[in-house]
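The values are calculated or read from the model by the stated rules, or taken from the named source; none is laboratory data. All values derive from a computational prediction rather than experimental measurement. Here Cβ is always computed from backbone atoms with ideal geometry, including for glycine, and neighbour counts include all displayed protein chains. To get the accessible areas, we keep the full protein, side chains included, count just its heavy atoms, and leave off ligands, DNA and RNA. Shrake-Rupley method; radii C 1.70, N 1.55, O 1.52, S 1.80 Å.
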Amino acid sequence: MAFTSKMKFSSLLVLICFATIFLSIEACHETDKAALLDFKSKINQDPTKLLQTWNQSTDCCTQWEGVACDSNGRVVNLTRPGLFSTDDSIFDTFMNGTISPSLGNLEFLEFLDLSNLKQLTGSIPSELGKLSHLTALFIDTNQLSGPIPASFQNLTKLIRLYVSDNLLSGSVPSIFQHMSSLSELGLFNNQLSGGIPSSVSQLVSLTKLDIHGNRFSGGIPSTIGSLKKLITLDLSENQLTGSIPQSIGELSKLNLLYLYQNRLSGSIPSSISGLTSLQFMRLSDNKLTGSLPSSIGKIPLRRLILENNLLAGELPASLGNLTDLNSMYLKNNRFTGKIPSSLSNLVNLLDLDLSRNGLSGPIPSQLATLNLQILDLSFNPLNLVSIPTWISNVNTLQRLYLARTGITGELPQWLSGMSLTYLDVSSNMLAGDLPTWLGNMTSLYSLNVSTNGFHSSIPAGLENLSGLGELDLHMNNFTGSIPSGVINLANLEIFDVSKNKLTGEIPVHGKAFPASSFEGNSGLCGSPLSPCKTA
């Protein structure tokens, strides 16, 4: 009997606790409920019924999914994103409609997430600027258009603001003067234009600034160095001009710096040595000039991408200090001199692309100690004469590009012992037979020996390269017929034998290679060229 009484007493305590919790939350405030129902009324499609539980007859604080209230029944959290996860599943859905201005009546709202709904259209209601308690606003990945409302200047408690991946246009209004708490700002992938607002420099708590993929013009603010807490800075894919400010070296916590695909000019400032936390630097596709400062060797970089600029001078030996580096892309600049032997210190380097510069040989044999996967030295006046034999010791190498590097003679047979997927030795002075042992390089996906002096027939053994997707043999002196087993390789997508001395009928093949792939061979006929004459 005593045991039963204890059980009853315990059950009573549980009921009292639940009742206390339930009673501690007031019923949903009528103003908030009306605002949410008006939001629902502006949604035309809700295929997965994200708003199904939102009904006039139920309490929005306790029964509506995605809504949370404080103890006074005021809505503080509205979370209905189109991409979300549970413990065991990821859901991806959408809503079609507009954002109701009535959401501005949720005066106690702290967190608003309508991201990734994909098909929300119309403008951002200026009424959202009334949400003075808002700390997080996510309306990214929709189809919202028009400007960013100037009323956002009232959102002084914001910590995270994302309006990215929309169709927003116009200049960014001066809204940041009083957002001293803002930590993350995402405006990327819109159609925003004008200059980067100078008020951005007042965001002293900012750790992430991402405005890439817009139409911003003008210069990078000279005061960018005042953002001392910045970890990510992505201004890429815009129309920015001018030079990289010296003050950028004051961003000692910066981990990622992306300025690529702009119109930046001038030199890379030596102050970059102050970027003592930087791991990812991408300044490619600009008009940067001058030499690469030796101070770059003081940065703990993992990726360095400076391709497609006008950088010149010799590569500094200090590059060898970047022992954490796994990728270096410096192609299509104006670098001269020799490749520094200090690059052999880069024990973590996997990708090295120095192509399309003015570098001279020899290639440092010390690079054989690295575990390179990609080596591209194409279009440099290296005057190699022969492919360096030490390359055969780089067992990890998958892609080797040595186009127009002064190679003569025949291809060395030791290449057949490598597991290359890409081999490009085009635009050299190779001659003789195209070796039959190429058929043993079964890992090859792309083979380019174009613009050389090969004068044999095309080896039928190439048909063993079942994974071959690209075969470029154009502008040589190949003779004989095209082996049917080669042209019918299952994965072959690019096939070019133009400007040779091939004869006979083009074998029937399952893919529609263009006529340009065969032109310049006066002895070839058949599809897609003119029909072969019959007796």
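Ordered by 1.4 Å accessible area with all protein chains kept, GLU250, GLU237 run largest first as GLU250, GLU237. Measuring from centroid to centroid over Cα atoms, what is the spacing of the stretch 273-299 and the stretch 184-201 in Å? Measuring centre to centre over Cα atoms gives 23 Å. Restricting the trypsin sites (Lys or Arg not before Pro) of the stretch 193-301 to loop positions (DSSP other than H, G, I, E, B) with no more than 16 neighbouring Cβ atoms within 10 Å leaves LYS228, LYS229, LYS253, ARG263. Surface listing: GLU410, GLU519, GLU127 arranged by accessible area from highest to lowest gives GLU410, GLU519, GLU127, probe 1.4 Å. Dipole check for the chain: with +1 at the C-beta of Lys and Arg, -1 at the C-beta of Asp and Glu, and the Cα centre as origin, the magnitude is about 840 Debye.
The Kirkwood hydrodynamic radius of the stretch 410-465, based on inverse pair distances between different Cα atoms, is 11.5 Å.
Expressed as a whole percent, the accessible area of the chain that falls on carbon and sulfur atoms is 51 (1.4 Å probe).
Counted residue by residue at 0.36 nm each, then reduced by the alpha carbon distance between them, the extension gain from THR323 to SER171 reaches 50.5 nm.
Kirkwood's formula applied to the C-alpha pairs of the stretch 152-205 gives a hydrodynamic radius of 11.5 angstrom.
Tell me, rounded to the nearest percent, the portion of alpha carbon pairs in the chain spaced more than 46 Å apart. Across the chain, Cα pairs with separations above 46 Å total 39 percent. The residues packed around THR451, meaning those with a beta-carbon under 13 Å from its beta-carbon, carry a net charge of -1 if Lys and Arg are +1 and Asp and Glu are -1.
Per residue, the average separation of C-alpha pairs within less than 8 Å and at least 6 apart gives the chain a relative contact order of 5 percent. The calculated FRET efficiency for the pair SER466 and SER341, based on their C-beta separation and a Förster distance of 60 Å, comes to about 0.90. What the Cβ-Cβ distance of ASN371 and THR86 gives, at R0 = 35 Å and to the nearest 0.05, is a FRET efficiency of 0.30.
Between SER145 and ASN440, the contour length at 0.36 nm per residue exceeds the alpha carbon distance by 100.5 nm. Suppose a student asked you for the relative contact order of the stretch 195-303, using Cα pairs under 8 Å spaced at least 6 residues apart; what percent would you report? Relative contact order of the stretch 195-303: 21 percent. Diagonalising the gyration tensor over the Cα atoms of the stretch 467-535 and scaling each eigenvalue by 5 before taking the square root yields semi-axes of 18, 14, 10 Å, largest first. The HN-Hα couplings worked out from phi for the stretch 347-356 by the Karplus form 6.51 cos²θ - 1.76 cosθ + 1.60 (θ = phi - 60°) are 5, 9, 6, 10, 10, 10, 10, 10, 5, 6 Hz, whole numbers, x standing for Gly and Pro. Taking square-rooted eigenvalues a ≥ b ≥ c of the alpha carbon gyration tensor, is the stretch 86-144 rounded, prolate or oblate, where a/c under 1.5 means rounded and, failing that, a/b exceeding b/c means prolate? Note, shape of the stretch 86-144 comes out oblate. Global dimensions of the stretch 20-114 from alpha-carbon coordinates: Rg and Dmax equal 13.3, 40 Å.
Using the rule -39500 (n - 2.57) for each DSSP H run of four or more residues, divided by the residues of the chain, the 222 nm mean residue ellipticity is -2500 deg cm²/dmol. Taking TYR162, TYR258, TYR445 and ordering them by how much accessible surface each has at a 1.4 Å probe, largest first, produces TYR445, TYR258, TYR162. Close amide H contacts of VAL385 (hydrogens built in the peptide plane, cut-off under 5 Å, sequence separation of 5 or more or a different chain): ILE407, THR408.
What the stretch 328-418 shows is 41 Å² of accessible area per residue, with the surface traced by a 1.4 Å probe over protein heavy atoms.
Among the protein heavy atoms, those of HIS509 account for about 40 Å² of accessible surface (1.4 Å probe, every chain in place).
The stretch between GLU410 and ASP59, if pulled fully straight at 0.36 nm per residue, gains 118.2 nm over its current Cα-Cα span. Determine the percent antiparallel among the DSSP beta bridges restricted to the chain, to the nearest 5. The antiparallel fraction comes to roughly 10 percent. Size descriptors for the stretch 127-177 (Cα atoms only): Rg and Dmax, in that order, 10.6, 28 Å.
Computed from the Kirkwood radius of its Cα pairs, the Stokes-Einstein diffusion coefficient for the stretch 84-226 at 4 °C and 1.567 mPa s stands at 83 µm²/s.
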